[in-house]
Amino acid sequence: MNDLANSPMTTTSAPKRIDFNTPELQRKRRIRALKDHLTRWYVFIGGLAVLGAITLIFFFLGYVVFPLFQGADLNAKQALTPVWMQDAGKPLMISVEEQNQVGMRVSDKGMVLFFNVKNGEELSRVDLPLPADTQVTSLGEDQPGNPVVVVGLSNGQTLVFRHTYKVSYPDGKKTISPAIEYPYGETPIVLDPQGRSLDHVNLSVNDSTLVLAGSTGAQLHVLSLASEENMMTGEVTNSETRIDLPQMTEQVKELFIDPRQQWLYVINGRAQADVFNLRDKSLNGRYKLADDATTEITASAQLVGGISLIFGNSNGGLSQWFMARDPDGEQRFKHIRSFQMGTTPIVEITAEQRRKGFLALDAAGEIGVFHSTAHRTLLVEKVAEGPGVMALSPRANRVIVEEGGKLLPLTLKNPHPEVSWSALWSKVWYENYDEPKYVWQSTAANTDFEPKMSLAPLTFGTLKAAFYAMLLAAPLAVAAAIYTAYFMAPSLRRKVKPVIELMEAMPTVILGFFAGLFLAPYVEGHLPGIFSLLMLMPIGILVAGFTWSRLPESIRLRVPDGWESLILIPVILFIGWLSLYMSPFMEAWFFGGDMRLWISHDLGITYDQRNALVVGLAMGFAVIPNIYSIAEDAVFSVPRGLTLGSLALGATPWQTMTRVVILTASPGIFSALMIGMGRAVGETMIVLMATGNTPVMEMNLFEGLRTLAANVAVEMPESEVGGSHYRVLFLSALVLLLFTFVMNTLAELIRQRLRKKYSSL
């Protein structure tokens, strides 16, 4: 026993213990813990930075956009009581020049007085060259922004003058020198040959013609003075033509002439407007300006451009009217929109000289600030004790009211009156339009342009482009992803997937350039072939598949499993070649040799070369890789056990794919579609170069469009920093960002629900 116990075979030794607390392992653990700690904080801070950046973008866009929806601000300064007012006579008009330094006042004494706007000090006086024993009985101005004034005299004559302000810098100091000019001479022009006093006068001036209109009681007087220069001799010939119009039956209150010198608006009676056509000397119609028989028109004015008239009534209401065509094509004087200032009568209306805004003063001394296009009431504030005469500076930032022998200077802050919710998203009835429409036209060459900044056609264009792109990309990308991940041979998949994903690396500017310069004219010249291709391709693939399934197994088994898709390559090439080859023949057989002309004339559908069809083809090609890559990963990631289990239970591969694989991968497929949709909505260069950038609201496949992103890219460089146009473009970016944010949020919520619903499979 002892020998056995002491033998080597029975000798046991204790196992060697590993020391996990050596300095080297402790150092490794500390380094690993430090790395984990740093990585955790790095990811945490990075995530917060991303969220912070997105939040800051939202706040910055909101900061830029917020001033658009603020109202006006009117600040009163110390009232002035100039000495010259004691003998200056009754004011007929006052005005302020561009620099807000010099004011002008025209009185019933025929005196034009210039004064310092800041302190009311008299600068100079000019006595108009009136005939002896005549008085000024009326005064009229050309449309806002034109410094031409006409005064009507008690002897039936008129005198036309212009007020000018020359800027000089003697001794380095800015000096404004006001002056009065007489562009038609200092000799008064006879308007009423019978020499009766003119109760009301007005004028319209263009490059070669002056039209004067006046009234004596209910009788109208219209005179046209034209000048023509001989191009050979330089001699100027003047001609004078009297325009005889049907006479009025009511007392005339006010006269207006449109800038094209076609329409004469005569305000008469309590609330009636007679519109005369000066070209054919006829009465266009008599229009009732108020529905209530007790309401009376108490003030009126032309907006800048001379197209619209603003009427103020005895109930404190205001209304805008202009000429527009009826459905029968006849021009009619139409009521466009209304405003309500208060309950006291409106006594004066003054229009801005560069925007479609205006100010109104009522009998209670309240001033209202309005904008016609935006249909906004920006401010109503009491500034005087009663009615007076009002002037607005050309920059619309200084107001002067003369009331009770005092000058009341006011500063007006009203930077963005032309933007409102209705102007951005609703139909607006613009001047020279026959009906309300959605229009985007932010700039024009003329200064009296009416900005049309509706975001509706841009938003519609964005969704239209995305819709047609997804109509092409979604079925192709998802079907390709399912086939690649589920049916295709692994070796072929490893070749196909990188090639499709490589398409995503192609710059969109190249795709846009290709679509605009090659694809658009090619599609236009091969319309029958393109549509034949779109219709025949699915049919051809189905026929090829059906034919393949009916071939003997000896033939079908020669193709390795998962490589069958290669057989479709010659089928696709043949169908494409056949469709495009037959295009000119089909165009000659069915469309008279020109399918585009047939679409335009026979179907009445507008065809633009760069249209939504081209955008759908080009942008669909750009979106396919995004959708395909994510959807393919989602399908391929379905656990293999689910597929094998379904097949083991007797399901066919097609049943397994439709009832197990797609349902399990549906969250990922849905995410792929939403990401593709977001890519299509935010795409810029393709739609910029391939659409024609026409902001129209038509679902027509053959018509162009303009998207929010493309509009920002096109117009941001030409916008004035801080201006309304600039801020509306930022609002476009905010709308696009909110749309993408909301869409992605909804997509994530739906994806989570799908994942929860099918996670038990």
All-pairs Cα distance distribution in segment 308-463, expressed in whole percent, bin size 5 Å: 2, 9, 17, 19, 19, 14, 10, 6, 3, 1, 0, 0, 0
Treat each spin label as a single point 7 Å out from the Cα along the C-beta direction, and report the Leu746 to Val167 distance in nm. 5.3
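About its Cα centre, how strong a charge dipole does segment 456-758 have in debye, to the nearest 20, once Lys and Arg get +1 and Asp and Glu get -1 at the Cβ? Walk me through the intermediate numbers first.
Working: 20 positive and 19 negative charges, 283 e Å.
Using Cβ point charges on Lys, Arg, Asp and Glu, segment 456-758 gives about 1360 debye.
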Using Cα pairs closer than 8 Å and at least 6 residues apart in sequence, work out the relative contact order for the chain, in percent. 10
Built amide H within the under 5 Å cut-off of Thr373, gap 5+: none
The ³J(HN,Hα) series, computed from each phi in segment 153-162 with the Karplus coefficients 6.51, -1.76 and 1.60 at θ = phi - 60°, rounded to the nearest Hz and given as x for glycine or proline, is 10, 6, 9, x, 9, 10, 10, 9, 9, 10
Based on the Kirkwood radius over alpha-carbon pairs, what is the Stokes-Einstein translational diffusion coefficient of segment 616-729 at 10 °C with 1.306 mPa s viscosity, in µm²/s? 91
Tell me, what is the FRET efficiency for Ser426 and Lys118 to the nearest 0.05, using R0 = 41 angstrom and their Cβ-Cβ distance as r? 0.45
Using the Kirkwood radius over Cα pairs, work out the Stokes-Einstein diffusion coefficient for segment 199-337 at 4 °C and 1.567 mPa s, in µm²/s as a whole number. 81
About the Cα centre of the chain, what is the dipole size in debye to 20, counting +1 per Lys and Arg Cβ and -1 per Asp and Glu Cβ, all else neutral? 4980
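Please report Tyr628, Tyr42, Tyr483 as a ranked list, fewest other C-beta atoms within 10 angstrom at the top and most at the bottom.
Values: Tyr628 26, Tyr42 10, Tyr483 18.
In order of increasing Cβ crowding within 10 Å: Tyr42, Tyr483, Tyr628.
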Kirkwood Rh and Cα Rg combined as Rg over Rh, evaluated for segment 618-676: 1.10
Leu573 to Met716: FRET efficiency via 1/(1 + (r/R0)^6), r the Cβ-Cβ distance, R0 45 Å, to the nearest 0.05? 0.55
Per the Debye formula with a single identical scatterer at each Cα and no solvent contribution, what log10 I(q)/I(0) holds for segment 130-288 at q = 0.09, 0.15, 0.16, 0.19 Å⁻¹? -0.34, -0.83, -0.91, -1.19
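How would you rank Met677, Met586, going from fewest to most other Cβ atoms within 10 Å of each one's own Cβ?
Working: Met677 24, Met586 17.
The order, fewest Cβ neighbours first, is Met586, Met677.
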Once you put a point 7 Å from the Cα of Phe487 and another 7 Å from the Cα of Ile176, both along the Cβ direction, what distance in nm separates them? 8.0
Which residues does the label zone of Lys495 cover in segment 544-570, counting backbone N under 20 Å from a point 7 Å along Cα→Cβ? 556-570
Axial C-alpha extent at least 15 Å, average Kyte-Doolittle at least -1.0 - helices from the chain (DSSP): 23-65, 456-482, 490-502, 527-549, 568-590, 612-636, 662-682, 724-758
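In terms of the ratio Rg/(2.2 N^0.38 Å) built on C-alpha atoms, what value belongs to segment 495-542?
Details: Rg = 14.4 Å, N = 48, 2.2 N^0.38 = 9.6 Å.
Ratio of Rg to 2.2 N^0.38 Å for segment 495-542: 1.51.
For Thr652, Thr216, Thr707, which order do you get if you count the other beta carbons within 10 Å of each Cβ and list the fewest first? Display every interim value, and only then the final one.
Values: Thr652 10, Thr216 20, Thr707 32.
Ascending Cβ contact count within 10 Å gives the list Thr652, Thr216, Thr707.
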Backbone HN-Hα couplings from phi across segment 241-251 [Karplus 6.51/-1.76/1.60, Hz, Gly and Pro as x]: 10, 8, 10, 8, 10, x, 7, 8, 10, 10, 5
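Below 8 Å, C-alpha to C-alpha, sequence gap of six or more: please give me the relative contact order for segment 130-288 in percent.
15
Go through Lys382/Lys413; Lys35/Lys756; Lys356/Lys382; Lys253/Lys281; Lys118/Lys173; Lys427/Lys464 and tell me which ones have a Cα-Cα distance over 26 Å in this structure. Spell out each step's value before the answer.
Numbers: Lys382/Lys413 16 Å; Lys35/Lys756 34 Å; Lys356/Lys382 23 Å; Lys253/Lys281 21 Å; Lys118/Lys173 17 Å; Lys427/Lys464 19 Å.
Beyond 26 Å: Lys35/Lys756.
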Calculate how large, on average over all directions, the projected area of the Cα convex hull of segment 30-164 is; give the answer in nm² to one decimal. 15.2
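Restricting to Cα atoms and excluding each atom paired with itself, what does the Kirkwood estimate give for segment 456-758 in Å?
Details: mean 1/r = 0.0463 Å⁻¹.
When all Cα pairs of segment 456-758 are included, the Kirkwood radius is 21.6 Å.
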Run the numbers for Leu642 and Thr658: contour at 0.36 nm per residue of separation, minus the present Cα-Cα distance, in nm. 4.5 nm
Okay, helix-only estimate at 222 nm for the chain: each DSSP H run of n ≥ 4 adds -39500 (n - 2.57), divide by all residues, round to 500 deg cm²/dmol; what do you get? -11500 deg cm²/dmol
If you take the charge dipole of the chain about its Cα centre, with +1 on Lys and Arg Cβ and -1 on Asp and Glu Cβ, which of Leu673, Asn100, Phe487 is farthest toward its positive end? Phe487
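Taking every pair of alpha-carbon atoms in segment 691-758, give the share separated by more than 17 Å as a whole percent.
60
Taking the highest mean first, how do the peptides 554-567, 281-294 order by number of other beta carbon atoms within 10 angstrom per residue?
Values: 554-567: 11.9, 281-294: 13.8.
Ranked from most to least packed, the peptides come out as 281-294, 554-567.
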In Å and from the alpha-carbon atoms only, list the Rg and Dmax of the chain. 39.1, 161
Rounded to whole Å and sorted largest first, list the principal axis extents of the Cα atoms in segment 526-582. 41, 16, 15
Tell me, in nm to one decimal, what length is gained between Arg596 and Lys288 on full extension, where the rule is 0.36 nm per residue of separation less the Cα-Cα distance? 106.1 nm
Whole-Hz ³J(HN,Hα) for each residue in segment 367-378, computed from phi via Karplus 6.51 cos²θ - 1.76 cosθ + 1.60 with θ = phi - 60°, x for glycine and proline: what do you get? 10, x, 10, 9, 9, 6, 4, 6, 6, 10, 9, 8
Select from Ser600, Thr658, Pro507 the residue farthest towards the positive end of the dipole of segment 456-758; place +1 on Cβ of Lys and Arg, -1 on Cβ of Asp and Glu, and compute about the Cα centre. Thr658
Any idea which of Ser732, Pro246, Pro129 is furthest toward the positive side of the dipole for the chain, if Lys and Arg beta-carbons carry +1 and Asp and Glu beta-carbons -1? Ser732
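Laboratory data are not the source of any read-out in this text; all were calculated from the coordinates shown. Since the structure is predicted, the reported quantities are computational estimates derived from the model, not experimental observations. Positions of Cβ are generated from backbone atoms using ideal geometry, with glycine treated the same way; all protein chains shown enter the neighbour counts.
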